[in-house]
Amino acid sequence: MIPQAPVRSLLLTVVIIAVCAGLFQVSGTDTSGSGMLEITTDEDLKEYLKNVTPEYRYGYSNEMYDMAMPMMEMSAAPATMGAKQMVAPAPTSAGSADTGASDFSTTNIQVAGVDEADFVKNDGKYIYIESGETLTIVDAFPPEQGKIVTELPVKGTVSELFLAGDRLVIFSDTNDEHWYTPKGSAVPVPDYSRKTEAMIYDISDRKSPKEVRTISAPGSYENARMIGDYVYFITEETPDYYNPRMPIIYDGSESVEVSSIWCPPYPMNEYQMHTLTSFPVTGSGQPQAESFLLGYSNTLYVSPQNVYVAYEKQRPWYGWNLLEEKSAESKEPEQESVIHRFAIKDGDIAYKATGTVPGYLLNQFSLDENRGNLRVATTVSDWASDAKQYSNVYVFDPDLKIIGRLEHLAPEEKIYSARFMGDLLYLVTFKQTDPLFVIDLSNPYQPGLLGELKIPGYSDYLHPYDDTHLIGIGKDTMENEWGGIIPTGVKIALFDVSNVNNPRLVESIVIGEKGSDSAVLSDHRAFLLDKEKNIMAIPIREVVHIPVQGSKYEGSHTEETWQGTYVFGINPDTGFTEKGRIKQGTGTSGDEWWYGSTVLRSLFMDDVLYTISRDRIVGSDLKDLTKRLMDIGIKHDDHPPYYY
């Protein structure tokens, strides 16, 4: 029941008095202008979690905390526990052609100069691949002499890798025990918890890698980037609400306590502790770390100067009646996402700013930094509005204040893919057709719509071919008997965007029928494009429907599945030319999706294309893709983690 006006007024008065009296005070330092609090002690952390999660932990009324939240956001009362005041402030040429390929591909990344961790890396001669608890190093070039040189057992569950010259960084999730000495104590105590270990190996001798250093951070591995010699990785864990303590990272056996935790000044239903840790791949520089309490973070974007962490804001549950009343009274959407900015340089990490934006972000490609500003594309699911769903584009300054906006694009549709290219944003939304929007961001204070193209289907991933052409990879669609839209085969499209006011489809190809899929649709690292060699490799699980002969029922069919890689050439004027198909393993439906011989990555060394699945690496001649030069089975986990 919604309280009547006098009762609600009384409740509000009680809340105001309580805030003023400090009953709802959020422990920690108010970081003026940042919107975040800094916590530096175990005691502060325990008090903070007790105060901001009452409805989750203790069952207090949400309505009172809904009214208290604005008071807590406006309150600048100093902390009572002694915290300090602080103002928030693609292809590579190898140098040794006699030992390896002179030209080889690297991981498909979003930002130039910012490498992304992956489960496979290569250096033009060796391929490094992890699966489960094993790191396999394959001498892959020349392919005719290809062989496994190392199968290295790794403690825990290996997730992803970085390669930097003769150093290999392996991330592994472990359940381990460390001993540490708390501040103010002389007695070490055990630390039992899930940790992520970043193990640095010297691989100058590929047959005998040597572990030279291990950096551990609390929680499970989420994501990582490498800029120059420095690695930045983020971990996540659920805090101990009853006996919380400041996070601890380890450099080998030496403990390094995280000095501060950044926290929102408003209550949420539940928190996750995130720790951003950095360390140098070479040398012995001390690891650095910052921790922060957020919701379930799902978007990480990294530029050469900044780390951005974004997540959808969780609000305390109001109950259906109060939710309906709030929706009727407010013209602004309830759905919001929070974005935090951390400045990074040579391993140093400094929290800088927090901002909010209406809607939710699809993935890392929904964010882009340009000339110090952050551009963001979101979808708002506002079921109280007539449009229900629509998309927005925002520009933030370095303090994460909105300086430009373009809102209410594509009513009743949501974003399926986005790609920022200089002063332009290409945006794909979808409900029944695939509108490709071209958006002008040359004036950050006034974004504008330039052009639009509508075609059937949608693109899950957009990749620039050159300054005037764009590749889209997604799904074709068809209308079912009830008028709804269902996805069918994998669709590859080439767009001519030389006329930004009138984008044009050059050509599209559909591979397979309903049930067909590609790793590219959920992971951009599965995409391979090289303009000089004129190759585009797309891993495909192709499903073909075979009509049942003699059946009296329309549409009766069986399915045949082919798994492997399609290889295309691209002419920007005319479109795609199929160069060949490479079957992986059995190439049949017996190979489970994401397991077995389903192709997840492709790479090249000189004129050899390597297609990589969990159980094997196949090398094929780029000049004649029917010619198989190498087929090496590798030890693999039957149930590997999902990469996205």
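Quick check on segment 393-414: of everything there that is touching a Gly at 6+ places or on another chain (Cβ under 9 Å) and in a strand (DSSP E or B), which residue is most open to solvent (accessible area, probe 1.4 Å)?
Within segment 393-414, the match that is most open to solvent (accessible area, probe 1.4 Å) is ILE402.
Exactly one of these conditions fails for GLU211: (1) out of contact with any Phe, Trp or Tyr (no Cβ under 6 Å at 6 or more places or on another chain); (2) open to solvent by 20 Å² or more (accessible area, probe 1.4 Å). Give me its number.
(1)
Could you grab me the full set of residues in segment 470-484 that are crowded, with 17+ Cβ neighbours inside 10 Å and touching a Ser or Thr at 6+ places or on another chain (Cβ under 8 Å)?
Of segment 470-484, the ones crowded, with 17+ Cβ neighbours inside 10 Å are 470-477.
Correct list: GLY472, ILE473, GLY474, LYS475, ASP476, THR477.
Answer yes or no: is there a residue in segment 485-495 that is open to solvent by less than 40 Å² (accessible area, probe 1.4 Å) and either more than 31 Å from the chain's Cα centre (by Cα) or more than 24 Å from THR429 (Cα to Cα) (or both).
Taking every residue of segment 485-495 in turn, none turns out to be open to solvent by less than 40 Å² (accessible area, probe 1.4 Å) and either more than 31 Å from the chain's Cα centre (by Cα) or more than 24 Å from THR429 (Cα to Cα) (or both).
Residues are listed down the side, and each one gets a yes or a no for (1) more than 26 Å from VAL608 (Cα to Cα); (2) among the acidic types (Asp, Glu); (3) modelled with pLDDT of 85 or more; (4) open to solvent by 40 Å² or more (accessible area, probe 1.4 Å):
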{"site": "GLU160", "(1), (2), (3), (4)": "no, yes, yes, no"}
{"site": "LEU163", "(1), (2), (3), (4)": "no, no, yes, no"}
{"site": "ASN175", "(1), (2), (3), (4)": "yes, no, no, yes"}
{"site": "VAL187", "(1), (2), (3), (4)": "yes, no, no, yes"}
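Say we look at segment 334-392 and pick out the residues that are farther than 30 Å from PHE279 by Cβ, β-branched (Val, Ile, Thr) and within 19 Å of the chain's Cα centre (by Cα); which of these is most open to solvent (accessible area, probe 1.4 Å)?
The qualifying residue most open to solvent (accessible area, probe 1.4 Å) is THR356.
Outside any strand (DSSP E or B) and either open to solvent by 40 Å² or more (accessible area, probe 1.4 Å) or of a type in the set (D, E, K, R) (or both), is that true of GLU144?
On the way: outside any strand (DSSP E or B): yes; either open to solvent by 40 Å² or more (accessible area, probe 1.4 Å) or of a type in the set (D, E, K, R) (or both): yes.
When the stated conditions are applied, GLU144 passes them.
Give segment 532-563 a look and list any residue that's small (Gly, Ala, Ser) and modelled with pLDDT of 95 or more, or say none.
The answer is ALA537, and nothing else.
For segment 185-207, which positions are among the charged types (D, E, K, R) and not in a strand (DSSP E or B)?
Correct list: ASP205, ARG206, LYS207.
The values are calculated or read from the model by the stated rules, or taken from the named source; none is laboratory data. Note that this is a predicted model, so its numbers are computed, not measured. Note: ideal-geometry Cβ built from the backbone for every residue, glycine included; neighbour counts use all protein chains shown. Side chains included, ligands, DNA and RNA excluded: accessible areas come from the protein's heavy atoms. Shrake-Rupley method; radii C 1.70, N 1.55, O 1.52, S 1.80 Å.
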